């Protein structure tokens, strides 16, 4: 009897199946690396006091549709039901978080800091950087009534520290404040600041001339005013020097001044962080709901992927007029980052499996002895596996090598206290006391590095 | 602008929404505990050389239907598509694993040991122990052509060690071998051994008399033969003494003898493990595909949940006549275990958030100093949070207490080198050097204990 049996005889053999595009699946050694990333991200989030949260994967349809965007949502229908779908898979972490906070508000303590490292699903056309099933890692801080500006500096600090420690190409973070843009446009006498923001947000994709053209033709903005908007967007500084540059334009507007002060605070707070961080006044973030600080980022050499980590401050997490829940959040597109790095084989782990030591099997009769040896190593938290069959040592060593295992352990079937260990990478072999031997520090954990 | 805005004005306020039954959601302090369980499980699996794998959440329909059971499958339909669903959410870890192995066989090294800790979905009627979205933690070993019997002993060893270390009520594991049952029935002259197995499998639920009745009436088995089947099923021993008891029946059958030898090997191999483990000859496991060793388990006081960890050996992972991929696997129903323990508030962690230290905020003007203090602690991996507003110390201490944070740190705004720390649980307060202070060992990690 086989475990997975075809019901229909016309079923194609699974080996001939095509992969489902947009639903990436990593090999075990790749999953080990993804797990390393998830662990590092989670550790950093917890270090800054964020609590884990993992809302269910499904939301009622009206919740999913409440965000306003026409998302490619996957609806769930029961196989044996004619009823219409009432819920679907979430397409991000924010909508379920908002619903969760509203539903459980009485049991949460504010300001509430949570992280979510979870999968989301979008029924969209797959392409590089866009998947139909993907991991996202989000943090948000939500407060009642008002949220201190210090969180606007805390989030980029976390992200910059984290990316400096992850084995990825150079990460740069661009920060802006929507109040600067809106206030500046107001000062220029522009009435539809939202539409202006939307057009400026395209600068990266369509270039200066096209942006100017759109501002002039679509919004009927005077050419010199449009040029002034563009001039503002061209400001990019690695510190607070943007402040004077904007002031030099000579416009005075309360919203503008507030935005300038906020962004200056954020940039000054980050002055001790050694990382690529910029005040970039071209960043607008397309989404309507951002009201203050906004973040975008890129990976050197992978600019084509767009932003791999973005977010911003919003005025109210939930659509309730009586209660204000201002928040700030940032989201890491984990699958978007790993996809191309795996494809180009740029990530390398110190081993391909969790196994650190392979116990060579001397003979089938001594399997119990081999297992005892393995259990002794495991009792000191050394991931160990016994080779599955008695073969000559050369074959067992080559098998370990193929699996990327660092050490192979031999036992003497005539003396249960005699063991030797071989470092497969160096070829060095030495006797050990099986009851006390420990892995060298460098081999005790999975480590991942970026290849050039 | 709010982040989550209703499109329709008739939408009910989210706060009044009912929970979606069968889709459990834990509060942050519960999720922290779930994460603790997942980490422990994963660590144990990796210790025994299992590699992580996380196939996509969806499978083509014919793969989902190939297991033969009429599962309550959730199909995925795109919101903006009229097309019929082509795939659905997986309802277990085994079907996707089998498909993955068949599809990637060339890139895997056998015997292949993998673990999967993932969510699955079933559109079934929710009740205690049955969820529509749930976590499962599975391990399987799959080999080409033949799989050594030592894995039949390795899997229960892992599970017994693991459950002994998890904060759960007493866990007991029951092991049997289907060959014993089939061989015994053969020796009795019973022709339909599968139907007999199915009826005996109900012993737990319907009792002896009902089982006897079914055997006699449905399968037309002689009453004395039926009684003999029942006598076999009554054997339960904490060691290999089942062996002699079965031999004493006086039946001789090759399959029976093979099963007895295998189960004896497994029980003897586990003799050094201090845990509740039994050879229980009533265990049959309903599923057709198990061929040798089978496992079931229960948690003391939660027998009503049924088995929380089950599995067995199967002859072939995939339905291919040319290739044999025998395997053995075991699955932990994590959500099934945590659901009632959370409901009864029986699990307690040493803190309710990842935060170990709260830095008290002396005044709004010294927030930068507070952040610097926090960053110093974080640089030594101490999860730290700055209190969000300047209040009197009493209020800040009570807030920390409510959040289950162990320590609160005070700084002297007049002397940046002066810090004191208070253990909130004992009330003890002492000066520290902010550049070197470390958490005591007992507070350095999240720990979870079971309350009586």
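Values in this text are rule-based calculations from the coordinates and carry no lab data. This one's a predicted model, so the numbers in the text were calculated from it and none came from an experiment. Positions of Cβ are generated from backbone atoms using ideal geometry, with glycine treated the same way; all protein chains shown enter the neighbour counts.
The angle between the Cα long axis of helix B:367-378 and the main principal axis of chain B comes to about 40°, on a 0 to 90 degree scale. Summarised in one figure, the compactness ratio Rg/Rh of segment A:375-426, Cα atoms and Kirkwood Rh, is 0.95. Between the helical axis of B:223-233 and the longest alpha-carbon principal axis of chain B there is an angle of about 30 degrees.
Each copy carries a label point for residue B:72 at 7 Å from Cα toward Cβ; from one copy, the others' points are 3.0 nm away, ordered from shortest. Inter-chain neighbour count for B:40-51: the average number of beta-carbon atoms from partner chains within 10 Å of each residue's beta-carbon is 6.
Between segment B:371-418 and segment A:357-384, the C-alpha centres lie 48 angstrom from each other.
Per-residue Cβ neighbour counts within 10 Å put A:81, A:282 in the sequence A:81, A:282, beginning with the fewest. Taking the label point 7 Å along Cα→Cβ, residue A:412 and its counterparts in the other copies are spaced 6.4 nm apart, in ascending order. Note: the protein assembly as shown, Cα convex hull, 193 Å³ per residue. Most simply put, chain A has about 80% antiparallel DSSP beta bridges, counting only bridges with both residues inside it.
What do you get for the angle between helix B:393-402 and the principal long axis of chain B? Use alpha-carbon atoms, 0 to 90 degrees, nearest ten. That works out to roughly 10 degrees. By the count of other C-beta atoms within 10 Å, a proxy for reagent exposure, A:384, B:447, B:193 are ordered fewest to most as B:447, B:193, A:384. Peptide A:18-27 has a mean shielding of 4, counted as Cβ atoms of other protein chains within 10 Å of each residue's Cβ. Projected over every direction and averaged, the convex hull enclosing the alpha-carbon atoms of segment B:33-105 yields 7.2 nm². The equivalent ellipsoid of chain B has semi-axes of 51, 27, 21 Å, largest first, where each one is the square root of 5 times an eigenvalue of the Cα gyration tensor.
Each peptide in B:114-122, A:272-280, B:72-80 gets a packing score, the mean of other Cβ atoms within 10 Å over its residues, and the list from highest to lowest is B:114-122, B:72-80, A:272-280. Partner shielding of B:352-364 amounts to 3, given as the average count of beta-carbon atoms from other chains within 10 Å of each residue beta-carbon.
Distance from the alpha carbon centroid of segment B:35-101 to that of segment B:174-205 works out to 31 angstrom.
Remark on segment A:357-450: ratio of C-alpha radius of gyration to 2.2 N^0.38 Å is 1.03.
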